[in-house]
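Read the structure below first, then the notes.
The values are calculated or read from the model by the stated rules, or taken from the named source; none is laboratory data. Nothing here was measured: the structure is a model prediction, and the numbers come from that model. Here the Cβ positions follow ideal geometry from the backbone for every residue, glycine too, while neighbour counts run over all protein chains shown. Ligands, DNA and RNA are stripped out before the accessible areas are found, and what is left, the full protein with its side chains, is counted by its heavy atoms. Shrake-Rupley method; radii C 1.70, N 1.55, O 1.52, S 1.80 Å.
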Amino acid sequence: STAETRGLVGSAAIARLPDCAILVNSARGDIVDDDAVIAALRSGKLAAAGLDVFRNEPHIDPRYRELDNVFLL
């Protein structure tokens, strides 16, 4: 994890994905901007996400648990 990679998967990166893309992250938790990913999951821009690592682990953002289109490992 570096300053350059933190939040790498944010709103700009998500906007470049095709609609209904599926995000899978098993690399580093902090490369994902949780706010942007959760907003994209709620709006349908992202169809689903599979997340194996999380920012602030083991304290996972509780909003992920409210979503039916997220697989948390």
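Scanning segment 21-45 for residues that are of a type outside the set (V, I, T) and more than 20 Å from E66 (Cβ to Cβ), we see that the one that is modelled with the highest pLDDT is A21.
Scanning segment 63-73 for residues that are over 21 Å from T5 (Cβ atoms), of a type in the set (A, V, I, L, M) and over 11 Å from the mean Cα position of the chain (by Cα) yields a total of 1. When segment 21-34 is limited to residues that are within 8 Å of the chain's Cα centre (by Cα) and of a type in the set (D, E, K, R), the one that is most open to solvent (accessible area, probe 1.4 Å) turns out to be D33. Residue count for segment 42-62, restricted to those that are more than 16 Å from C20 (Cα to Cα) and within 11 Å of the chain's Cα centre (by Cα): 6. Within segment 14-62, being under 24 Å from A3 (Cβ atoms) and of a type in the set (D, E, K, R) holds for R16, R28, D30, D33, D34, D35, D52, R55, E57, D61.
Just one residue in the set A40, A15, A36, A48 is aliphatic (A, V, I, L, M) and touching a Ser or Thr at 6+ places or on another chain (Cβ under 7 Å); that residue is A36. Would you confirm, using the coordinates I've provided, whether F54 is assigned to a loop (DSSP other than H, G, I, E, B) and aromatic (F, W, Y)? Taking the combined requirement at face value, the residue satisfies it. With the condition kept exactly as written, say whether any residue in segment 39-47 is assigned to a loop (DSSP other than H, G, I, E, B) and in contact with a Lys or Arg (Cβ under 9 Å, 6 or more places away or on another chain). No, segment 39-47 contains no residue that is assigned to a loop (DSSP other than H, G, I, E, B) and in contact with a Lys or Arg (Cβ under 9 Å, 6 or more places away or on another chain).
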